[in-house]
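Visitor: Please find one structure pasted underneath; my questions will follow.
Any read-out appearing in this document is the output of simple, stated calculations on the displayed coordinates, not a laboratory observation. None of the values given here were measured: they were computed from a predicted structure. Virtual Cβ from ideal backbone geometry, glycine too; neighbours counted across all protein chains shown.
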Amino acid sequence: MNISQFDRAALEAMLSGLRPRLHRYCARMAGSVIDGEDIVQETLLKALQALDGRAAVGRPEQWLFRIAHNAAQDHLRRRQRERSRIAEADMTTIEDPSGNADARLATAAGLRSFMQLSVAQRSAVILVDVLGLSLHETCEVSGATLAATKAALHRGRAQLRLLAAEPEQVAAPRLDAGDERRLRRYVDLFNARDFDAVRALIAEDIRLDVVNRTRMRGKAEVSIYFGNYDRASDWALSLGFVDGRPAILIRNPGESDGAVRGFMLVEWSGEQIVHIRDFRYAPWCLVDAQISTVGGASS
């Protein structure tokens, strides 16, 4: 694409196909599909700001992944999960075979496994083995040299192989009594379609994000959202966890497999709901999510 042709409209058109891959990268970098979506949102905001500043964009996909890579690193620093220290060694002679076995291993690895790699290793393995970028494209995204990228890929693959040989032991998440009481009341009222009672739970200045669709603010505006659910019949809610966080799981009662089709996150201030995030229209967020029910099994 010509540099002068890449603008907001071109970015939005590209995102229709690229967003699931962008989210997969961000989620695996952050270790959470929820944090991954936060990073994607930050990436899009920074991309739009750059375009408004008349940034020259020659290779849009690599440019957007580079922004996502930097946003992910900023996110990790803010959360103090890990400092990015790329220790470059002379690895230019390392062979880079097709890595089919490593690619299969990386694709199947859970988010928690990736969080045990360094940021540089994580980025290299995800970009090469999960998303299929070349080494040179990976260098362009990460800003690392070819030697550093090969080193990170080599060490990251080796670490994932070690982790794959060990059983993953994860403590089952638990809800405290107050959170469970509030969430269960919300779910019960929602399932009963008592939306007047649901609206009574929300704050006047409530924020709502329907991921990939719309944002609303204020009780009057958010009431439209509940009306949309009232008119639909393809949902049933239950309590659960997504990547260890308390969540409301959305299933379609008309489908026999009982699979989770989406989820909601609800934030409270005392007994009032101040923020709802609805991931019903962001199916890519379910691909790598660790989902479990309250007192139930993981999926």
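Visitor: Would you mind getting me the FRET efficiency between Ala177 and Ala50? Use the beta-carbon distance for r and R0 = 51 Å, nearest 0.05.
Guide: The calculated FRET efficiency here is 0.65.
Visitor: Kindly state, to the nearest 0.05, the FRET efficiency for Ala165 paired with Met115, given R0 = 22 Å and r defined as their beta-carbon distance.
Guide: After rounding to 0.05, the efficiency reads 0.80.
Visitor: Rule-of-thumb check for the range 178-299: C-alpha Rg over 2.2 N^0.38 Å?
Guide: 1.00
Visitor: Right, another one. If you find the alpha carbon centre of the range 238-299 and of the range 206-234, how far apart are they in angstrom?
Guide: Distance between centres, Cα-based: 16 Å.
Visitor: Could you give the semi-axes, largest first, of the ellipsoid that matches the range 194-257, computed as the square roots of 5 times the alpha carbon gyration tensor eigenvalues and rounded to whole Å?
Guide: 22, 16, 12
Visitor: Within the range 210-228, name every residue whose backbone N is under 14 Å away from a label modeled 7 Å from Cα of Gln272 along the Cβ vector.
Guide: The answer is 218-220, whose backbone nitrogens lie closer than 14 Å to the label point.
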